Amino acid sequence: MDTKDILKKVKKIEIKTKRLSDHIFSGEYHTSFKGRGMTFAEVRQYQFGDDVRAIDWNVTARYNEPYIKVFEEERELTLMIMVDISGSEDFGSTDEFKKDIVTEMAATLAFSATQNNDKIGLILFSDEIELFVPPKKGKTHVLRIIRELIDFKPKSQKTDFNVALQYLSKVMKKKAIVFVLSDFITPDYEHSLKIAAKKHDITGIRIYDRREKELPNVGLINVFDAETHEEKLVNTADAETRAAYTTHFTKKEKKFLKLFQKCGAGTINMEVGESYVKKLLGYFKSR
C-alpha cells in the first residue's frame, strides 16, 4: 500500500470513527472511566442546599458570610491501546478481516479519549514488542496511531500476550485504562494478567471470525496456520471433526472470559460482522 492509499484509508477511518466518538462514545467513556480523584477548584458563596461539610471556615470568617469549597474530578487519564498484530489477525471469511475491526475499534476508543483530553498510547505486539508509541494528546497523535494500525508490518507472526503485559507494567508506572484487542490465541498468561490488572484498568476485546468457531461441510480442505505456517488436510465432511473444532473454540472462549473475570478485568467478546458500536456501548453502560 503506497502513501496515498494509506492516507486515504486513514481519512476514511477518521471520518467514521470520529463521528461515533463525538456523538456516542465520549460521554459513555467519561462516565465509565473516572479520574484519579477530586481536586480543589474554587470557593464560592454558600447557597441553600449546599453540603455544610464543604464550608471553608477560614474564608467564611474573613468575609463574615458562609463560603464553600468546590471540588472537581481530576479528569486527565491515560488510555493505552494494546493490539495483537500476529498472523492470525489477517484472517477473515467475509469482506472484513479481524484486523479491520481492530483498527476501527481502536480509533473509536482513541478519539473518545481525545474528547476527554486524555493521553493515548499504543503497543503493537506479536510474541515480541513490535512498536511502542508513548502516550500523547491530540488529533494528530491519534491519526499517527491509526496509520500505524493500518500499515505496520510485524517482524513475527506468532503471539505471546505475556510479553505485552510485562512490557506494559514496565513502561506504565501510573494507572492507565488499557484495552487489549486480540483473538487471544496465545500461551497461558494468567500470572502476567493478574499482576497488570492490579495496577491498571484492563479490558480484553476478543475478536473472532465465524470460521474459527465452526467448519463448513465442504469436504477435504487444506488448513493453514498463519502463526506456525503449518498446513494440514482436514476432512470437513466428518461430523466428529467439525464438533471437535467447535469444542476447541468454545474452550478458548470460556478460558478468556473466566480468566479476565478472575483477575478483575473487563471483557468484550465479538464476532466479525457484529456491531462493535453496540458492543462498546453495552460494555460502557454495564460498568
Filtering the stretch 152-186 down to residues that are closer than 12 Å to I85 by Cα, surrounded by fewer than 17 Cβ atoms within 10 Å (Cβ to Cβ) and either in contact with a His (Cβ under 7 Å, 6 or more places away or on another chain) or not charged (D, E, K, R) (or both) yields F152, S156
Restricting to the stretch 29-66, name every residue that is open to solvent by 60 Å² or more (accessible area, probe 1.4 Å), at pLDDT below 90 and in a loop (DSSP other than H, G, I, E, B). K34, R36, Y46, Q47, F48, G49, D51
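Table: residues versus (1) of a type in the set (F, W, Y); (2) at pLDDT 80 or above; (3) exposed (fewer than 14 other Cβ atoms within 10 Å of the Cβ); (4) out of contact with any Lys or Arg (no Cβ under 8 Å at 6 or more places or on another chain).
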residue	(1), (2), (3), (4)
A197	no, yes, no, yes
I202	no, yes, no, yes
R211	no, yes, no, yes
P216	no, yes, yes, yes
E227	no, no, no, no
Pairs needed: first member in the stretch 2-16, open to solvent by 70 Å² or more (accessible area, probe 1.4 Å); second member anywhere, at pLDDT below 80; C-beta distance under 9 Å; at least 6 residues apart or different chains. K9/M1
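Scan the stretch 173-225 residue by residue and report those that are of a type in the set (K, R) and closer than 14 Å to M270 by Cβ.
R206, R210, K213
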I need the full set of residues from the stretch 258-287 which are free of Cβ contacts under 8 Å to residues at least 60 places away in the same chain and polar (S, T, N, Q), in order please. Q261, S275, S286
Looking at the stretch 67-88, which of the residues that are acidic (D, E) and open to solvent by 20 Å² or more (accessible area, probe 1.4 Å) is modelled with the highest pLDDT? E76
Of the conditions (1) closer than 23 Å to C263 by Cα; (2) open to solvent by less than 30 Å² (accessible area, probe 1.4 Å), L149 fails just one. Which one is it? (1)
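Can you name the helices (runs of 4 or more DSSP H) wholly within the stretch 172-282 that have at least 2 residues being of a type in the set (A, V, I, L, M, F, W, C)?
190-199, 239-262
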Looking at T140, T103, T108, which is the one that is open to solvent by less than 50 Å² (accessible area, probe 1.4 Å), of a type outside the set (A, V, I, L, M), out of contact with any Phe, Trp or Tyr (no Cβ under 8 Å at 6 or more places or on another chain) and not in a loop (DSSP other than H, G, I, E, B)? T103
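With the requirement that a residue be open to solvent by less than 80 Å² (accessible area, probe 1.4 Å), acidic (D, E) and without any contact (Cβ under 8 Å) to a residue 40 or more places away in the chain, what does the stretch 229-257 give you?
D238
The values are calculated or read from the model by the stated rules, or taken from the named source; none is laboratory data. What you see is a predicted model, and the numbers here were worked out from it, not measured in a lab. Don't worry about glycine lacking a Cβ; one is built from the backbone with ideal geometry, like all the others, and counts go over all protein chains shown. Please note that ligands, DNA and RNA were not included when accessible areas were found on the heavy atoms of the full protein model with its side chains. Shrake-Rupley method; radii C 1.70, N 1.55, O 1.52, S 1.80 Å.
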